[in-house]
Amino acid sequence: MKKLCFAAAVLVLSCNGSQKAISENTALAPEKPDVANLAASISEEELREHLYAYASDDFEGRETGKEGQKKAVAYIQNAYEDLGIPGALKDGAYFQKVPLEMAKLPSGTMAIGNQVMENGQGFLTFSGVEGDFDSVVYVGYGIETENYSDYKGIDVRGKLVLLKAGEPKNADGTYLLTGTKEASKWSNISESIEKRTEVAMAKGAAVMIYVDEENFSRYNRYFEYMKANDGGSMDLVSNEEKPGMILLKEEHAKTIFPDFETQLTAEVLPANLKFNIESKNEKVDSENVVAFIRGSEYPEEYVVISSHLDHIGVNAKGEINNGADDDGSGTVAMLEIAEAFKMAADEGMVPKRSVVFLHVTGEEKGLLGSRYYTDVDPVFPLKQTVANLNIDMIGRVDPKREGNRNYIYLIGSDKLSTELHELSENVNSKYTKVELDYTYNDENDPNRFYYRSDHYNFAKNNIPIIFYFNGTHADYHRPGDTPDKINYDLLKNRAQLVFHTAWEISNRDSRLVVDKAAK
């Protein structure tokens, strides 16, 4: 699982463990007697064998683009070849190249009049920004929707724009965009920068200055970490001209425009701003691994099972972060789930829908492999993608759950499809009887887990998802995340839950109904 990072930006509360009533239209179809045997093929022994290899020191922490990650994709490819499951790309190839680049932490200055600041002192940026500006276009919150625009009547092409966090309210205190006391996603800390950047880019802005104290504090920690470790930010290679992105402290924003906090309407203002910030980019060679089993009745509909194949590599002390739980557990679970589906196909029980096994790269760098798959080059059409079941850390026990270990955190199952949520609970009740814990499904969860793994790139495209997650622990993103600490009985049970859920989705007579569009 990725930690929150600015690089990706430039990127219902359910009762704990509760189960909702199952409607008749999501009742499970009678299964053939072999389905339980198929699930039983997912064994502790094979999971252990895979994981001790995949999370060994030989793989050097599987950092994106590094030699260890190349060993990881070769291991996954060999596993599918041994199973007789073809690759999903042309001529049965498994690798989907994901064009990436690493931008080193930029160095340079921003000047507001005679006040000159170094990057990291009063402002933050993770990209190069050059230019002198004698004016700035203040655009309020920088929001544009179908019914509201802060850019109305203003041309910002080639201009410097200044905008702030938050969103407009009505006189009665409700939010204008939602008409309720609940803010829209423009106020969501995990999405606010990305959404505003997309609008500014579409409008042709040259540089975007965003005033957001909460995000400034959040990304300043990431900045300091990168600085201390001589790190950089990784992103997809893009030919699109993106606006320079500056996070600015409020005190300096007031120097540019004293009334920025209170004024709502757009305005062109005189300014004296200079940027001399340089960033050097390096190309990174990486790939997703994609295998699939073609469906028998609805082959043009796809159920995608995903996990990320990468981890965070070797730390500054030379210690290997093996990533057995994150996300070696998800990777090996997928291999066992794929084997169960292949056994079914060999026995004449080919799933009705095609099942896609998607191992993505660059999750730890900002969900990059899954973003490439969904936003740039889907191997299979998103409109024909029925659901995504994403597995990220399912081999350990959250310390908060000690003594009550037969559980799994489910995130997102009810956010887009009522049918998917009910199907998930019905499957679990019938087959695996794992406690489904919805603690982190809360929209206001401060951990923001819904936005921090690869399912999110499917969810934002209105594809129903379930994220399976055991929670964090003391070894999260540390060298202690090793195969000997995995609970293989739990890993087996949780993998079987995912298999049964995928089996039911892929064999329904009708595809899942999306009845809750993404906001």
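Quick notes on this structure:
- Of all residues in segment 358-385, exactly one satisfies the criterion of being buried (at least 22 other Cβ atoms within 10 Å of the Cβ) and over 30 Å from Gly232 (Cα atoms), namely Thr385.
- Candidates Ser107, Ser149 - the one that is among the hydroxyl-bearing types (Ser, Thr, Tyr) and within 27 Å of Asp230 (Cα to Cα): Ser107
- For segment 234-257, filtered to residues that are part of a loop (DSSP other than H, G, I, E, B) and acidic (Asp, Glu), the residue that is farthest from the chain's Cα centre (by Cα) is Glu241.
- Taking the criterion of being buried (at least 16 other Cβ atoms within 10 Å of the Cβ) and of a type in the set (Ser, Thr, Tyr), the residues of segment 188-238 that qualify are Ser190, Ser192, Thr197, Tyr210, Tyr219, Tyr222, Ser233.
- Within segment 359-377, considering residues that are among the hydrophobic types (A, V, I, L, M, F, W, C) and assigned to a helix (DSSP H, G or I), the one farthest from Glu194 (Cα to Cα): Val376
- Here Phe260 meets the list (1) in a strand (DSSP E or B); (2) touching a helix residue (DSSP H, G or I) at 6+ places or on another chain (Cβ under 7 Å) almost entirely, failing just condition (1).
- Search result, residues across segment 229-244 that are touching a helix residue (DSSP H, G or I) at 6+ places or on another chain (Cβ under 6 Å) and either in the same structural domain as Val376 (by TED's automatic domain parsing) or under 19 Å from Leu160 (Cβ atoms) (or both): Lys242, Pro243
- Filter pass, Val289 being part of a strand (DSSP E or B), of a type in the set (A, V, I, L, M) and within 21 Å of Thr501 (Cβ to Cβ): no
- Qualifying residue in segment 75-90 (condition: among the β-branched types (Val, Ile, Thr) and over 17 Å from Phe275 (Cα atoms)): yes
- Residue list for segment 143-159, filter: within 21 Å of Phe275 (Cα to Cα) and either at pLDDT below 95 or of a type outside the set (A, V, I, L, M) (or both): Arg157, Gly158, Lys159
- Considering residues of segment 131-178 that are under 28 Å from the mean Cα position of the chain (by Cα) and acidic (Asp, Glu) only, the residue farthest from Phe260 (Cα to Cα): Glu146
- In segment 136-178, of all residues being out of contact with any strand residue (DSSP E or B) (no Cβ under 9 Å at 6 or more places or on another chain) and of a type in the set (Gly, Ala, Ser), the one that is surrounded by the fewest Cβ atoms within 10 Å (Cβ to Cβ) corresponds to Ala171.
- Residue list for segment 479-510, restricted to those being under 14 Å from Ala387 (Cβ atoms), in contact with a strand residue (DSSP E or B) (Cβ under 9 Å, 6 or more places away or on another chain) and outside any helix (DSSP H, G or I): Arg508
- Set side by side, the residues Ser413, Ser424, Ser453, Ser429 differ, and just one is assigned by TED's automatic domain parsing to the domain that holds Lys317, part of a helix (DSSP H, G or I), of a type outside the set (Asp, Glu) and in contact with a strand residue (DSSP E or B) (Cβ under 8 Å, 6 or more places away or on another chain), which is Ser424.
- Wholly within segment 43-154, strands (runs of 3 or more DSSP E) carrying at least 2 residues that are among the small types (Gly, Ala, Ser): 107-112, 129-138
The values are calculated or read from the model by the stated rules, or taken from the named source; none is laboratory data. The model shown is predicted, which means the values in this text are computed figures rather than measured ones. Note that we place each Cβ from the backbone using ideal geometry, even for glycine, and neighbour counts take in every protein chain shown.
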